[in-house]
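I have placed the structure first, in the form of structure tokens, so that the comments after it can refer back to it.
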Amino acid sequence: MNVMTGAANEEDHRDIIEALRERLARSRVQIGPHTLYNADCRLALPELNGFDAVITDPPYSSGGSTQAARNQAPSKKYRFTGTKKTDPDFGGDNRDQRSLTLWCSDWMAECLRATRQGGALMCFIDWRNLPAIIDACQVGGWVYRGIVPWDKTEAARPNKGWFRTQVEYIVTATAGPITRDASAPGIYQTGYIRTPVIAKDKHHITGKPVTLMQELLRTRDDWQNVLDPFMGSGTTGVACVKMGRVFTGIEFEPRYFDIACRRIEDAMYEQ
Ligand SMILES: C[S@@+](CC[C@H](N)C(=O)[O-])C[C@H]1O[C@@H](n2cnc3c(N)ncnc32)[C@H](O)[C@@H]1O
């Protein structure tokens, strides 16, 4: 370090990068072919590459109609009143729409760098911040390919005198062009996915059903190496194990990271 200017020299930079890499290595857990990091994805992503698809469910920064309501803890915003479930809270869920767009474009750009040409991004969001995610993926350099509604069925939260909060969205994008001809690996998918949230299959305040993630993976069999930088309780990882894909997951909340490790181990044991 130059004491006069405070500027770090090249050697300092190398030391900082080395220290960050060591921290990341210490946060890593290997379960068979699957790799899990208990880290902030902004620290881990620059060290990763070689993915075919990124399937992820980031904090929505949603809930409520005012910024004050959205600043509440996820356990207050996303849980039914009177529910007996006590899943841990998680951070990073209180950005306003502009900050959410900027933050998402930043990690989405890193995901793009880590994904092969023709690979895909599938990012969950709800109706409030759908425009932010559509903007962010394009700012991040992805080619936006449209939205897939996830219909949670009539089991979803009813609203008397208004519409049931029944649908969330998957924003889809690709890393450059995709092969669309009939010989492309994969199936002719439906334009939406209809599957309910099952309480006993939910291990996170905002946990997704494994069947939903499996349905996304079914789209293409060349999505072999799959990344989820916000894995929460590891649902994308469990689906990958069941579908014979290789999973890399990142989660910064230690309690959810432990749940994800256990679920992925259990899923492997069941195979
Ligand atoms: C919507 S939840 C994902 C839930 C997951 N799909 C499931 O089924 O369990 C988002 C997760 O991202 C985590 N998270 C938020 N910011 C993060 C960051 N910068 N790096 C890594 N994880 C982060 C939160 O702790 C939270 O568990």
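The values are calculated or read from the model by the stated rules, or taken from the named source; none is laboratory data. Quantities reported herein were computed from a predicted structural model and do not represent experimental measurements. Don't worry about glycine lacking a Cβ; one is built from the backbone with ideal geometry, like all the others, and counts go over all protein chains shown.
Of all residues in region 113-132 being touching a Leu at 6+ places or on another chain (Cβ under 8 Å) and assigned to a strand (DSSP E or B), which is nearest to Q67 (Cα to Cα)?
Checked region 113-132; the qualifying residue nearest to Q67 (Cα to Cα) is M122.
Results for (1) of a type outside the set (A, V, I, L, M); (2) in contact with a Phe, Trp or Tyr (Cβ under 6 Å, 6 or more places away or on another chain); (3) under 26 Å from Y256 (Cα atoms), shown as yes or no for each residue.
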{"residue": "D93", "(1), (2), (3)": "yes, no, yes"}
{"residue": "C104", "(1), (2), (3)": "yes, no, yes"}
{"residue": "A120", "(1), (2), (3)": "no, no, yes"}
{"residue": "Q138", "(1), (2), (3)": "yes, yes, no"}
{"residue": "G141", "(1), (2), (3)": "yes, no, no"}
{"residue": "A173", "(1), (2), (3)": "no, yes, no"}
{"residue": "I178", "(1), (2), (3)": "no, no, no"}
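Look through region 247-271, keep the residues that are of a type in the set (G, A, S) and more than 18 Å from L45 (Cα to Cα), and return whichever of them is surrounded by the most Cβ atoms within 10 Å (Cβ to Cβ).
Once the filter is applied, the top-ranked residue is A260.
Looking at region 161-175, is at least one residue under 28 Å from N49 (Cα atoms), in contact with a Lys or Arg (Cβ under 8 Å, 6 or more places away or on another chain) and touching a residue at least 60 places away in the same chain (Cβ under 8 Å)?
yes
What pairs come out if I take residues in region 210-230 that are at pLDDT below 95 and pair them with residues that are among the acidic types (D, E) and buried (at least 18 other Cβ atoms within 10 Å of the Cβ) whose C-beta lies under 7 Å away, six or more apart or interchain?
Pairs that qualify, where the first residue is at pLDDT below 95 and the partner is among the acidic types (D, E) and buried (at least 18 other Cβ atoms within 10 Å of the Cβ), are D222/D52.
Please find, among G64, G32, G50, the residue that is on the phi > 0 side of the Ramachandran plot and at pLDDT below 95.
Exactly one of G64, G32, G50 is on the phi > 0 side of the Ramachandran plot and at pLDDT below 95, namely G64.
What is the residue count in region 32-47 for residues that are near the ligand (Cβ under 10 Å from one of its atoms) and in contact with an Asp or Glu (Cβ under 7 Å, 6 or more places away or on another chain)?
Qualifying residue count for the region: 2.
To keep it simple, each residue is scored yes or no on (1) surrounded by fewer than 20 Cβ atoms within 10 Å (Cβ to Cβ); (2) in a loop (DSSP other than H, G, I, E, B).
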{"position": "T211", "(1), (2)": "yes, no"}
{"position": "Q214", "(1), (2)": "yes, no"}
{"position": "D221", "(1), (2)": "yes, yes"}
{"position": "V226", "(1), (2)": "no, no"}
{"position": "F230", "(1), (2)": "no, yes"}
{"position": "T236", "(1), (2)": "no, no"}
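Could you tell me whether any residue of region 168-175 is more than 30 Å from T86 (Cβ to Cβ), within 16 Å of the ligand (Cβ to nearest atom) and either β-branched (V, I, T) or exposed (fewer than 15 other Cβ atoms within 10 Å of the Cβ) (or both)?
Yes.
Restricting the search to region 48-69, which residues are away from the ligand (no atom under 16 Å from the Cβ), touching a residue at least 40 places away in the same chain (Cβ under 8 Å) and assigned to a loop (DSSP other than H, G, I, E, B)?
Correct list: N49, G50.
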